[in-house]
Amino acid sequence: MKNILFFFFFFFSFLLIKIETKNIEGNAKNGFELFKKNCTSCHSIDLEKKMIGPALSGITEKRSREWLHKWIINNKSLRDKGDKEALAIYKEYGNIEMNLFTQLSEKQVDDILFFIKNPIVKKEENSEKTTNKEQNNIQPDIDQFLIKIIVFGLSVLSIILLCILYKIQVLTRLFFEKEKFFRKKSFWLYCKTFFLPFFSFIEKKRKNFMFFSCFSGFLLGLYIIWNFLMKIDVNKGYKPEQPIYFSHKIHSGINKINCEYCHSSAKYSKVSGIPSLNVCMNCHITINEYKGDYIEKGKSRDEYNKEIQKIYHFIGWNKEKRDYSNNQHPIQWTRIHNMPDFVYFDHSQHIIVGKKMINKSKKVNQTCNACHGDVQNMDQVEMSNDFTMEWCISCHRNTEIDTNNSYYKEHFSNFINKKKKITVDMIGGTECAKCHY
């Protein structure tokens, strides 16, 4: 009887585990979003591709729901309890600890597992992208057909006009051959009537005319020289090629990466700084190819992928072994915005103190855009303003100060109470020593 009871207990336990594993239920769409947010730093969204962590395709068939919940929420606790499977995975992947996801609820974990088991959302998303691409391909074909019709119509009109012009030319030639003498007489009469008085006037006032011509030429020369001198080192529109092609539109505009994530020193330092490749690798350690929909005109997806490989080359990252080597190469970036040595400019002062009023004065959402232009929509960054002394002073004369700032309240309290509008130049913003010392 004991053996029979043990057999039935073992059989039903095994059956329940199988039923539980197969009956993972959840919201695949929500699981897809949760997976992208929490898991893609280590696991590929393709599910069948191995990255820092293992490929997750078929994992719901290999492991029980209960075990997967424990592993995802707190894998460290599972290892501490001596779970053999957990310890084996930990050793297999070089003793790299998986992040803890104690913030996820049971339902959210089920949603993720349901997406892994049924990656329908990803397939539907890809099919929608394919459909959109097909529709986009149809549109250019229609446009090309319309262009051909318009060109054909214009060609026919051109031929008709040429025939008409030829007939007019023939008639005109016949007319002027008969009236040749009259035409010559009329022409010289016209010259005498209109041009002779002008030449007579110049002859009489020859000295004055020569003086006026020389003086005008002198003034024009001064203007040209002055204009040339004022444009020295004014590099508006300067757009050099960089060692690694970087599209701000893809990173900042489409993917909404904040400026200060890469240029972290801009808020607390004089300079904004160029981000190190370690910052790039925070994302590109897992993103080794471009899969976005946007492609710049004249570029291709392969070109974007080659630029990502350049990051790996410069920093010495081996994507097969997933390890850094000592074979690194320094990058020689070409500086775009460069203030002269005799000019002092502090990024932190403008971003922290002047942020609110600069945004209001320049009508921008990001303070960076006030000087650097609409960077979020630039494929290749260029100098969008003059960056001359006149440009800076005019900004100081038009931008108000934040009267709620504690420093201004303490040091300019009497002045603030008397004036309704207080611009930067009113509190010394145009003094020479503010920028040149």
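Only residues that are of a type in the set (S, T, N, Q), in contact (Cβ under 8 Å) with a residue 24 or more places away in the chain and assigned to a helix (DSSP H, G or I): list them for the stretch 253-309, please. Selection gives ASN278 alone.
Restricting attention to the stretch 70-81, does a residue exist that is farther than 21 Å from LEU47 by Cβ and of a type in the set (A, V, I, L, M, F, W, C)? Scanning the stretch 70-81 turns up at least one residue that is farther than 21 Å from LEU47 by Cβ and of a type in the set (A, V, I, L, M, F, W, C). Right, LYS297: within 22 Å of ILE336 (Cβ to Cβ), surrounded by 13 or more Cβ atoms within 10 Å (Cβ to Cβ) and not aromatic (Phe, Trp, Tyr) or not? Taking the combined requirement at face value, the residue does not satisfy it. Of the helices (runs of 4 or more DSSP H) that lie entirely inside the stretch 139-243, those containing 3 or more residues that are modelled with pLDDT of 85 or more and not aliphatic (A, V, I, L, M) span 206-230. Would you be able to say whether some residue in the stretch 112-129 is modelled with pLDDT of 85 or more and among the aromatic types (Phe, Trp, Tyr)? Checked against the condition, which is being modelled with pLDDT of 85 or more and among the aromatic types (Phe, Trp, Tyr), the stretch 112-129 yields at least one hit. Note on the stretch 58-123: enclosed helices (runs of 4 or more DSSP H) holding 3 or more residues that are touching a Ser or Thr at 6+ places or on another chain (Cβ under 8 Å) are 65-80, 106-117. Within the stretch 312-334, residues that are surrounded by 12 or more Cβ atoms within 10 Å (Cβ to Cβ) reach partners that are among the hydroxyl-bearing types (Ser, Thr, Tyr) and assigned to a helix (DSSP H, G or I) with beta carbons closer than 8 Å, at six or more positions or on different chains, in the pairs LYS319/TYR312. Looking at the structure I just gave you, is LEU87 among the hydrophobic types (A, V, I, L, M, F, W, C), at negative phi and touching a Lys or Arg at 6+ places or on another chain (Cβ under 7 Å)? When the stated conditions are applied, LEU87 passes them. Inspect all residues belonging to the stretch 15-33 and state whether any of them is assigned to a loop (DSSP other than H, G, I, E, B) and at pLDDT below 75. Looking through the stretch 15-33, at least one residue is assigned to a loop (DSSP other than H, G, I, E, B) and at pLDDT below 75.
The values are calculated or read from the model by the stated rules, or taken from the named source; none is laboratory data. Quick caveat: nothing in here was measured; it's all calculated off a predicted structure. Note that we place each Cβ from the backbone using ideal geometry, even for glycine, and neighbour counts take in every protein chain shown.
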